[in-house]
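Notes follow the structure.
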Amino acid sequence: MTNAPKWLIAATVLTTAPLLGATQQTPLKPLDSAVLPQAPAIPYADYADLVVAAPVIVDATIRSDVRLKPAEAPDVPQNAARLYVEADVTALIRGTGAVPPRIGYTIDVPLDAHGRPPRYRKTRVLLFARGVANNQGQIQLVRSDAQRNWTPAADALTRQIVREVLAPDTPPTVTGVGNAFFTAGDLPGDGETQIFLTTADSRPISLNVLRKAGQPPRWSVALTEVVDQAAPPPAARTLLWYRLACSLPATLPDTALHGSEGDNAIVREDYATILSGLGACDRTAVAGAR
């Protein structure tokens with residue numbers, strides 16, 4: 001049996017994520033609530049990306065971090081270091097089984113101007129990860145930014161998204177637009193646009209826009225074959241909103257349109273109405289972190 005230290009064993013077992021943008025927690029000073037500025041909302045999409053990708057999510061406090069030598073981490077990016085981190089688990093937020101009270105993982109972090117890595121000891125974090133086969137005490141971060149500082153707001157949002165993802169009626173992942181067409185109504189100015197989306201597991205999603213003469217178009221989403229035209233659009237910062245706002249293309253592909261030139265123009269207009277109603281996806285993570 002080898003007597004090699006745990007951090008060295010983990011360094012040879014784990015495939016780490018790319019460079020992590022490190023942030024440090026800073027103590028908060030008491031402020032007068034009357035002059036306290038409104039904190040910006042945590043980007044829902046950033047956390048939804050992490051939750052969807054991570055079969056294991058834990059709330060933990062970092063106990064120690066050790067910098068690995070270059071020979072132990074030959075693939076580390078330039079101006080970065082690889083740390084082996086051990087953390088004490090406070091709570092398992094998502095996972096199919098138990099986790100030990102202490103876990104280890106590796107992470108690549110940027111060096112400061114003096115060539116030193118950040119220190120994380122005693123930092124409370126949320127870890128979005130997957131397990132390591134045959135090594136219950138080790139995890140692997142799913143992305144470069146999958147270690148996040150714990151805050152009450154981040155914890156609450158993470159738990160909310162986990163509940164949405166695990167719900168029996170969770171909306172499917174949208175992969176594209178299938179077919180879209182407009183059907184005119186019996187009266188001038190009346191009609192309905194239906195846009196059928198493709199999904200990862202072939203479950204149905206359709207976007208429906210109802211037009212009535214003299215009224216603004218009203219749109220809804222159907223997750224079954226039955227369309228409830230009275231249903232409201234999805235609320236912002238929900239999983240259905242995320243599936244649509246962060247996945248739909250900016251314009252309809254020509255391959256989805258099969259009607260006349262006039263009907264296709266109406267479909268494109270209605271699609272733009274839907275995108276405007278959804279609003280922009282609030283994802284801020286850089287592409288390299290995905």
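The values are calculated or read from the model by the stated rules, or taken from the named source; none is laboratory data. This structure is a prediction, so every number in the text was calculated from the model and none was measured. Neighbour counts are summed over all protein chains in view; Cβ atoms, including those assigned to glycine, are modelled from backbone coordinates with ideal geometry.
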So is P77 out of contact with any Gly (no Cβ under 7 Å at 6 or more places or on another chain), at pLDDT below 90 and either over 30 Å from C246 (Cβ atoms) or surrounded by 15 or more Cβ atoms within 10 Å (Cβ to Cβ) (or both) or not?
no
For segment 183-220 the number of residues that are farther than 12 Å from P172 by Cβ, surrounded by 11 or more Cβ atoms within 10 Å (Cβ to Cβ) and not hydroxyl-bearing (S, T, Y) is 18
Residue check: is R237 surrounded by 15 or more Cβ atoms within 10 Å (Cβ to Cβ) and assigned to a loop (DSSP other than H, G, I, E, B)?
yes
Tell me which of these T96 doesn't satisfy, since it passes every other one: (1) closer than 21 Å to L166 by Cβ; (2) in contact with a strand residue (DSSP E or B) (Cβ under 8 Å, 6 or more places away or on another chain).
(2)
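Per-residue answers, yes or no, for (1) touching a residue at least 12 places away in the same chain (Cβ under 8 Å); (2) outside any strand (DSSP E or B); (3) under 21 Å from A285 (Cα atoms):
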site	(1), (2), (3)
V58	yes, no, yes
R63	yes, no, no
G115	no, yes, no
L127	yes, no, yes
I139	yes, no, no
D155	yes, yes, yes
T158	yes, yes, yes
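Among the candidates A129, A113, single out the residue that is in the same structural domain as A54 (by TED's automatic domain parsing) and surrounded by fewer than 19 Cβ atoms within 10 Å (Cβ to Cβ). Walk me through it before giving the result.
Working: A129 fails: surrounded by fewer than 19 Cβ atoms within 10 Å (Cβ to Cβ).
Sole residue among the options that is in the same structural domain as A54 (by TED's automatic domain parsing) and surrounded by fewer than 19 Cβ atoms within 10 Å (Cβ to Cβ): A113.
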Going through segment 228-255 in order, the residues found to be of a type in the set (A, V, I, L, M) and closer than 20 Å to V177 by Cα are L239, L240, L244, A245, L248, A250, L252
Residues located in segment 202-245, provided they are within 20 Å of G191 (Cα to Cα) and basic (K, R)
R211, K212, R218
Select from segment 163-188 the residues that are assigned to a strand (DSSP E or B) and β-branched (V, I, T) and write down the one among them that is nearest to the chain's Cα centre (by Cα).
V174
Of the residues in segment 96-113 that are part of a strand (DSSP E or B) and in contact (Cβ under 8 Å) with a residue 40 or more places away in the chain, the one that is nearest to A146 (Cα to Cα) is I107
